[in-house]
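Since every read-out is calculated from the coordinates, none of them should be taken as a lab result. As the structure is a prediction and not an experimental result, all values here were calculated from the model.
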Amino acid sequence: MAWRFLNLVAAVVAIASLWGGLDTASGQEQAPAKTPAKAPAAAPAIDISKASYGVGMNVGRALKNDGIDFDVAALVAGLTDMLAGKEPKYSEAEIREALGGLAAAAQQKGLERLRAMAEKNKQDGLAFRTENAKNQGVTTLPSGVQYQVLKAGEGAAPKAEEKVSVHYQGAFIDGKVFDSSIARKQPLSIGVNMVIKGWTEVLQLMKVGDKWKVVIPSEMAYGEQGAGKTIPPNSTLVFEIELLGIEK
């Protein structure tokens, strides 16, 4: 929610900056010193009603997504009073205190949603791996990593300190792909010990030419933290990995 407030402030500042570049007496854009004045461009037509509704719609969407209860009448009253130039109903100190409480509540709700997501992902991943272990040809390692040989190679197996070239595709347990060197048509070149734990483990078991389907539990991938906006917390990941070669 804090980011949405910052974005809203940034938008207000941007609008204020546009007005700041105008001469308050004439409404004309002030030209820099020693620069010939240019004819002002024609102002674009604005549908104030639709634009105003759009601003309200975006603010409403952001507030709804945060899951915080708002007094809509009070929100509209605050907006109306400021546009009308009236004295605020509350002091600045009261407003700061109230907004501080609102920010804290939004942060707490965000943490609760994150914990709920992490727990759901954990349980869903466990159920997926339990079912996957029953499939023919699936091997489950002591670490919980599972693999299934899709194509057998006959080359050497890489060591942890070596660098390999691989093609891969990464997906969530629902099948949604989040990364793919195949789609980019560019193999990945990387050190065996420079990737997530699950990859480091299976790469050393593979031979050049192998193509495996690999299921990696979250603790052998990105864990409770996840990875930015791409990998949610406690995500079990499904990869197809083809070991193309060992680089010298």
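So here's what we get for this one:
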quantity	calculated
Estimated vicinal HN-Hα couplings, Hz - the stretch 231-248 in sequence order (Karplus 6.51, -1.76, 1.60; Gly, Pro = x)	10, x, x, 6, 8, 7, 10, 10, 10, 10, 10, 10, 7, 7, x, 10, 8, 9
Dimensionless Rg/Rh of the stretch 139-247 - Kirkwood Rh, Rg from C-alpha atoms	0.94
Separation between Cα centres of the stretch 139-154 and the stretch 172-247, rounded to whole Å	13 Å
Residue-by-residue Karplus 3J(HN,Hα) for the stretch 171-180, coefficients 6.51, -1.76, 1.60, Hz, glycine and proline x	9, 8, 5, 8, x, 6, 7, 10, 6, 7
Under the Karplus curve 6.51 cos²θ - 1.76 cosθ + 1.60, θ = phi - 60°, whole-Hz ³J(HN,Hα) for the stretch 113-119, x wherever Gly or Pro sits	5, 5, 5, 5, 4, 4, 5
